[in-house]
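Reviewing the structure listed below.
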Amino acid sequence: MRTQFSRVSVIGLGYIGLPTAAVIAARGVRVTGVDVNADVVEVINRGGIHIVEPELDLIVHAAVSTNMLRATTRPESAGAFLIAVPTPFKEGHEPDLSYIRAAADAIAPVLEKGNLVVLESTSPVGTTEKLARWLADARPDLSFPHEVGEEADVNIAYCPERVLPGYVVKELVENDRVIGGITARCAERARDLYQIFVEGECILTDSRTAELCKLTENAFRDVNIAFANELSFICDRLGIDVWELIRLANRHPRVNILNPGPGVGGHCIAVDPWFIVSSAQKEARLIRTAREVNDAKPDYVVQQVLQAAGGKNSPSVACLGLAFKANIDDLRESPAVTVVSRIAKSIDGRILVVEPHVETLPRSLAECPTVEYVDMDTALEQADVVVLLVDHDEFKELDLACLCGKVVIDTRGIWR
Ligand code: SAJ
């Protein structure tokens, strides 16, 4: 692959950084991956991976064994730096930019004239300009685009990741990318970097628009899921089957309602809309309300379970699924975990958890004395109440005769 970047450095080797590093390396460009976690660095340098994502093990192993990818804890000089570190929120749903700040501090000493720095982390509007200011403060000997425009020694751009967990390797290559430069030249240089591995279209804009674009995509989905969840509340009040309602409404050619569930989980959709709310408090009314509607759903499910279990002495409740969505093992910000832990706090019976995608309970649940990790047969044999929390394929294939005589709460509508 002919490119102006003879070496690319990826800062943060997590769910996005590691696959990106491996895909670039697979195109014949040398990649240095940087992570603060020495254990992660060691696993990768042995050709292994520390996260679960289909196909990732193969491409990382190939990249490391051909010496195209090497991991380290300290940044080294490179032609381009791609930052993919987390941006969680702090108290009061305010964005926490400390990982980006730490990445800036780490790469500043090795920056050189002619470098490109691209931020991929989901970020509130204005973060890329902040990154430029942090780098400029650390390196007064270099010029930066927010000060001198197109003449800058270092180019800086924002290019958000948009990949769906479970399909990362495919979507990294195939999805279109929105690339926002602090100047037009910054965006063009970043496009040259992404064209090494992206087969989708690379569309150029400014950094602030690209930042809001990423947040908008996830807020759009959150608002649409909130609409579906609100319909589930309305239907319960009116004695109507929400799944039947949505199926019928979606027969309209311009209506496409998403699915209600036990709440919205994961580290993206439940977080990113708050970055819009925090920067435009007064204006972002719908986006804030959607977050509140979705966040209210786990407690609503808990109340349904308590009601169902109400008449029984020490009821046993089977909870099917812990992951934040179907067919993955990721429990981060999972509404299913929240529901299970709140049920455990509210009833004195046994809580029988089935999750075919993990081997043990997460610590927060293992600490609850009434929560047990069991297989499906045990759960269905012993439970009085069955709560379906995740639409895993294993649960879809269940013979519904097993549910006979139980009170069933199906939060995903797969057993209708
Ligand atoms: N969910 C519902 N009902 C639905 C769809 C989803 O309750 O109809 C729930 C899921 O069960 C899950 C949550 O929403 O708990 C989020 O799942 P998801 O599949 O909608 O999204 P993520 O978090 O896996 O990935 C999203 C994607 N963004 C969009 O689809 C706009 C992905 O493309 C982004 O790259 C990713 O966020 C990210 O990293 O930002």
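Worth pointing out:
- Here the scattering of the chain is modelled by Debye summation over its C-alpha atoms, one equal scatterer each and no solvent; at q = 0.12, 0.13, 0.14 Å⁻¹ the log10 of I(q)/I(0) is -1.01, -1.12, -1.23.
- Straight-line reach from Lys297: taking Cα to Cα under 15 Å and skipping same-chain neighbours fewer than 8 places apart, the aspartates and glutamates in range are Asp222, Glu230, Asp236, Glu333, Asp410.
- Mean-position separation - Cα centroids, segment 215-269 and segment 350-406, in angstrom: 25 Å
- Calculated accessible area for segment 278-398 comes out at 48 Å² per residue, all protein chains present (probe 1.4 Å; ligands, DNA, RNA ignored).
- Normalised contact order of the chain, rounded percent, pairs of Cα under 8 Å and 6 or more residues apart: 11 percent
- Mean separation of Cα contacts under 8 Å (6+ apart) over length of segment 63-150, as relative contact order %: 29 percent
- Among 199-205, 351-357, sorting by the average number of other beta carbon atoms lying within 10 angstrom of each residue, highest first, gives 351-357, 199-205.
- The alpha carbons of segment 242-410 occupy a box of 50, 39, 31 Å along the principal axes, longest dimension given first.
- About the Cα centre, charge dipole magnitude for segment 41-87 (Lys/Arg +1, Asp/Glu -1 at Cβ), debye: 180 debye
- Taking the DSSP bridge list for the chain and keeping only pairs wholly inside it, about 5 percent are antiparallel.
- Helices in the chain, meaning DSSP H runs of at least 4 residues, each add -39500 (n - 2.57). Divided by all residues, the mean residue ellipticity at 222 nm is -12500 deg cm²/dmol.
- What a 1.4 Å probe finds exposed on segment 242-410 is 49% carbon and sulfur by accessible area, rounded to a whole percent.
- Listed by chain and number, the lysines whose C-alpha is less than 21 Å from the C-alpha of Lys113, apart from same-chain residues fewer than 8 away, are Lys130.
- Accessible surface area normalised per residue over segment 7-215 is 40 Å², counting heavy atoms of protein chains with a 1.4 Å rolling probe.
The values are calculated or read from the model by the stated rules, or taken from the named source; none is laboratory data. What you see is a predicted model; the values in this text were computed from it and never measured. Here the Cβ is made from the backbone with ideal geometry for all residues, glycine too, and neighbour counts use every protein chain on show. Areas reflect the complete protein model, heavy atoms only, side chains present, ligands, DNA and RNA absent. Shrake-Rupley method; radii C 1.70, N 1.55, O 1.52, S 1.80 Å.
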